[in-house]
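In what follows, a single structure is set out as structure tokens and then discussed.
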Amino acid sequence: MIGVEVARQLREAGLEWKPAPGDSFAIPDRDLDEDTFVLSNMTIEVYPVPEGRVIGFNGTTEWALDDVELDEALWLPREDQLRDLLGGTFRSLRRGDAGYEVGITLLGEDRTFTAATPEEAYAAALLHLLAAAGL
């Protein structure tokens with residue numbers, strides 16, 4: 001799983017979260033940075049309210065939290081979600097000497113992104129794509 005800082009970079013680069021059951025997220029800047037939460041149909045759900053959408057904590061699982069505005073939560077995409085977001089640009093994932101390497105092809109140019117974990121390598125490639133899309 002990617003960390004809060006990488007997730008923050010992805011959000012700032014324009015990655016939008018469409019919450020779905022099974023998604024992991026953090027609630028940074030509220031003394032919960034190290035905690036990871038997972039959306040579930042039974043305990044943690046997204047609810048529409050007049051002001052927007054909130055994440056509701058049901059039951060006793062997270063008794064100290066009632067609702068958190070969606071924009072306060074930070075999506076922590078899984079490896080498969082990051083790979084899917086690369087779409088048709090994704091070419092390969094392999095283990096290299098320096099970690100994991102993700103290869104993509106964008107506008108005919110091959111690029112490789114290396115990181116300690118597959119998720120971080122996927123995230124680096126996605127950050128590149130988001131930056132290229134913003135041009």
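Bear in mind these aren't lab numbers, they're just calculated from the coordinates by the rules spelled out. A quick note: this is a predicted structure, and the numbers were derived from the prediction, not measured. Reconstructed Cβ throughout: ideal geometry from the backbone, glycine too, with neighbour counts over all protein chains shown.
Under the simplified labelling scheme, the Asp35-Arg95 pair shows an inter-label distance of 3.5 nm, with each label point 7 Å from Cα along Cα→Cβ. The spread of Cα positions in the chain, taken along each principal axis and listed from longest to shortest, comes to 49, 31, 25 Å.
Of interest is the spacing of the C-alpha centroids, which for segment 76-135 and segment 1-43 amounts to 19 Å.
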